[in-house]
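One structure below.
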Amino acid sequence: VLIAPCVRNRLHMQSSQAQADAQILEDRVIRFVARQCAVPPQLVRSESRLLHDFGIDGDDALEFFAAYDSEFRVDLSNLRLNRYFGSEIGAWWRIIPKLRDWLNQSFEPLTVAKLVEAARAGKWPTIG
């Protein structure tokens, strides 16, 4: 299929703009996570996990997502925090490293990439 040069250029510009917008959103989410977790943005990556890497758990997770909703206006009605985080009552056990590592295995990792995906879609994904 032949595409006229002006159409090809317009499609390329739209694609480039979409990529730039996606990168801007990802950078915003990374800066948000860094602020909330009190870590330098350089330590936050797409594969970083809130519980496992930054220790967000219990009431901290509730506060994190209240701020996330406020910042990105994401519909969180499908979010089930108990899939990703423990309760505040059980959080004190996490100070013992081996026990913490064992307990954290029971929770699904919630990554920065998932936060970016939800911010892009405007809603938390439905779990099938």
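Worth a mention:
- Peptides 110-116, 75-81, 27-33 ordered by packing proxy, namely the average of other Cβ atoms within 10 Å per residue, highest first: 110-116, 27-33, 75-81.
- Here the gap between residue 106 and residue 83, fully extended at 0.36 nm per residue and compared with their Cα-Cα distance, gives a gain of 7.4 nm.
- Between amide H atoms placed 1.01 Å from N, distances below 5 Å from residue 123 occur with 75, all of them 5 or more places distant or on a separate chain.
- The label point for residue 120 and the one for residue 27, both projected 7 Å from the Cα toward the Cβ, are 1.7 nm apart.
- Applying the Karplus relation 6.51 cos²θ - 1.76 cosθ + 1.60 with θ = phi - 60° to region 45-53 yields 3J(HN,Hα) values of 10, 4, 8, 4, 10, 4, 6, 5, 9 Hz, where x marks Gly and Pro.
Read the figures in this text as sums done on the coordinates, not as results from a lab. Just so it is clear, the structure is predicted and the values come from calculations on it, not from any experiment. Heads up, the Cβs are rebuilt from the backbone with ideal geometry, glycines too, and the neighbour counts pull from every protein chain shown.
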